[in-house]
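Report on the following structure.
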Amino acid sequence: MKQLSAQDAQFLYMETNKSLSHVTSVAILDPSTAPGGKVRFKHIIEHVRSRLHTSPIYKRRIYHVPLELDYPYWIEDEHFDIEYHIRHSRLPHPADWRQLCIHLARFHTRPLDMQRAPWEMYVIEGLDNINGIPKGCYAVATKIHHSAADGMAIVNFFGGLLDLDQAGTPVMPSEKRVNSQRFEKPSPMQMAARGVINGLRSPLNVAQSVMRHAPSIMQNAQRQFLQHKRENNEPKQRVPITRFNLETSPHRVFDSTVFNLIDFKPIRGAVKGATINDIILAVCSGALRKYLGHHKELPGESLRAFVPVNVRAPKGSLKETEQPGNNISTMSPLLYTNIEDPLERLQAIYQETKAQKATRKGLSARLMTDVTRHIPASTQLLAARLAMRSEMAGRMTNVCISNVPGPQVPVFMNGAKVITQMGLGPLSDRMGLFILISSYNGEVSFSITSCRRTLPDIELFVSFINESFAELQTSAVSAKVKLKNEAKKRAEKGNDNEIKKVAKKTTTKTTRKKAKKKVTKKTASKKTIKKTAAS
């Protein structure tokens with residue numbers, strides 16, 4: 001038997017008709033690299049069928065415990081039909097980028113059938129009039145429920161489908177592709193027994209989690225005490241209410257834009273210590289500032305982001321697990337949308353994320369993640385539903401920004417080369433903007449998911465993302481030129497000082513020689529006068 005973890009179950013309990021907890025990953029593929037230069041729909045079905053053993057997500061479904069007295073179980077889908085999960089359509093005329101975005105948004109809006117394995121694949125053909133995309137390309141959109149996988153688990157899910165070359169060499173090594181585990185349906189007696197045991201263990205496990213973090217809690221308490229006076233004198237930051245924190249509609253909108261990863265390097269050099277993640281937050285911050293300013297809704301306080309953080313063990317470590325599911329923590333950094341200068345904003349974001357990684361806010365996230373694993377299912381279900389029905393979600397943060405790294409080499413599926421990758425994230429009520437960043441083969445895509453009520457002009461927001469990135473680039477180049485000029489001036493000033501020192505030394509030496517000659521002449525004259533007088 002395999003039971004959902006508390007974190008996995010959260011995504012089931014928080015789901016409403018307007019807030020669906022699934023993630024959609026999109027890949028655009030070029031069939032010209034495939035054998036014969038063409039990939040048929042039936043070839044895609046057969047390829048996925050041949051890789052079903054690479055992940056347990058494909059053939060398992062969720063089985064709920066009566067009255068939600070315990071967390072649900074994963075069981076084998078006894079009616080699994082791969083052709084039910086993979087469907088296809090074709091873009092209508094004019095088959096351009098807007099039509100693709102509309103198709104993807106509609107696919108993402110529809111809920112998954114939770115009586116079956118919680119995933120669907122949608123093949124969209126006819127991408128013939130999209131700038132930068134060769135004619136004849138097609139898109140593969142895969143929707144997976146968040147209870148089955150987080151961002152990194154979804155990356156691993158696709159790793160089983162992708163190949164390193166047109167010949168079909170799998171990305172995932174063969175020793176990691178074998179999965180013989182079966183998920184049997186638990187009997188009522190087994191569910192009851194485990195539910196009682198989990199209920200009795202919960203208080204003890206919660207206490208153990210708190211005790212495990214006790215040393216860190218004490219250290220942070222001391223730090224808080226030492227900084228108490230300074231923190232009291234500083235104005236407290238609150239989360240401003242924006243259009244992104246109002247009630248969301250069930251109708252999704254989507255758009256995306258792509259940058260070259262190499263263009264991030266000059267920006268990193270402008271702020272010492274800044275990471276790619278910091279630059280991504282700064283780009284999003286600039287776009288949010290521009291968009292809200294355009295609508296005359298920019299608050300005086302800074303917006304705050306909800307940032308999922310992967311806490312899986314590094315690859316190759318003993319703690320690494322190949323099981324899907326969720327293993328994430330969170331950060332909530334300020335985006336400093338109240339700072340106009342792009343580089344100053346980036347510097348502030350860098351300091352903010354650096355502090356959050358090292359101080360009590362990171363500890364709080366880890367502690368809450370650990371504690372919630374041991375809260376009884378019925379309690380967590382009630383808490384999740386109360387939270388979703390209240391305005392709590394919109395009071396905590398303004399926007400969700402998630403960065404999911406992908407492969408930095410070209411990959412293939414059915415011999416077709418993957419051109420670009422994008423993604424659509426889940427929205428919750430009063431959290432109406434999700435920015436998903438994915439990287440692939442030297443490119444970074446910013447994918448925007450929102451609803452029609454929150455972001456009716458999504459194309460405008462995407463244009464502000466492009467402008468924000470261009471501003472950071474320009475500011476970084478200007479800062480580099482300024483530093484170079486200052487260094488040149490310092491060098492020239494240093495050279496001038498050296499010349500003056502040399503000149504001073506030379507003048508002094510010459511003066512000394514002349515003075516010595518004068519002294520010698522005077523002494524010689526006195527000696528001559530004395531000799532003459534004596535004679």
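If you go through region 91-124 and keep only what is aromatic (F, W, Y) and under 24 Å from A9 (Cβ atoms), you end up with just W119. Among the residues of region 108-137, the ones that are farther than 16 Å from S25 by Cα and β-branched (V, I, T) come to 2 in all. Of the residues making up region 418-447, those that are assigned to a strand (DSSP E or B) and closer than 18 Å to M172 by Cβ are V418, Q421, Y440. Name every residue in region 139-154 that is more than 19 Å from L104 (Cβ to Cβ) and in a helix (DSSP H, G or I), in order of residue number. Correct list: M152, A153. In region 401-413 there is at least one residue that is within 17 Å of A287 (Cβ to Cβ) and either aliphatic (A, V, I, L, M) or modelled with pLDDT of 95 or more (or both).
Listed by position, the strands (runs of 3 or more DSSP E) enclosed by region 49-138 that each have at least 2 residues that are aliphatic (A, V, I, L, M) are 119-127. F306 fails exactly one of the following numbered conditions: (1) part of a loop (DSSP other than H, G, I, E, B); (2) closer than 30 Å to A117 by Cα; (3) at pLDDT 80 or above. What is the number of that condition? With (1) part of a loop (DSSP other than H, G, I, E, B); (2) closer than 30 Å to A117 by Cα; (3) at pLDDT 80 or above applied to F306, the lone miss is (1). Whether any residue in region 326-334 is farther than 21 Å from I448 by Cα, out of contact with any helix residue (DSSP H, G or I) (no Cβ under 7 Å at 6 or more places or on another chain) and at pLDDT 80 or above is what I want to check. No: zero hits. You will find that of Y63, Y71, the residue that is buried (at least 16 other Cβ atoms within 10 Å of the Cβ) and either of a type in the set (D, E) or touching a Pro at 6+ places or on another chain (Cβ under 7 Å) (or both) is Y63 and no other.
Applying the set (1) crowded, with 16+ Cβ neighbours inside 10 Å; (2) farther than 30 Å from L4 by Cβ; (3) of a type in the set (S, T, Y) to S89 leaves exactly one unmet item: (1). For region 61-84, the set of residues classified as touching a residue at least 60 places away in the same chain (Cβ under 8 Å), in contact with a Lys or Arg (Cβ under 8 Å, 6 or more places away or on another chain), under 19 Å from L112 (Cα atoms) and not aromatic (F, W, Y) consists of I75, E76, listed by residue number.
Residues of region 448-469 that are aliphatic (A, V, I, L, M) and part of a helix (DSSP H, G or I): I458, L460, V462, I465.
When restricted to residues that are surrounded by fewer than 20 Cβ atoms within 10 Å (Cβ to Cβ) and either among the acidic types (D, E) or not in a loop (DSSP other than H, G, I, E, B) (or both), region 9-37 contains 5. Between E125, E175, the distinction of being surrounded by fewer than 16 Cβ atoms within 10 Å (Cβ to Cβ) and either touching a Phe, Trp or Tyr at 6+ places or on another chain (Cβ under 9 Å) or at pLDDT below 95 (or both) belongs to E175 only.
The values are calculated or read from the model by the stated rules, or taken from the named source; none is laboratory data. Just so it is clear, the structure is predicted and the values come from calculations on it, not from any experiment. Cβ coordinates were reconstructed from backbone atoms using ideal geometry, including for glycine residues, and neighbour counts include every protein chain displayed.
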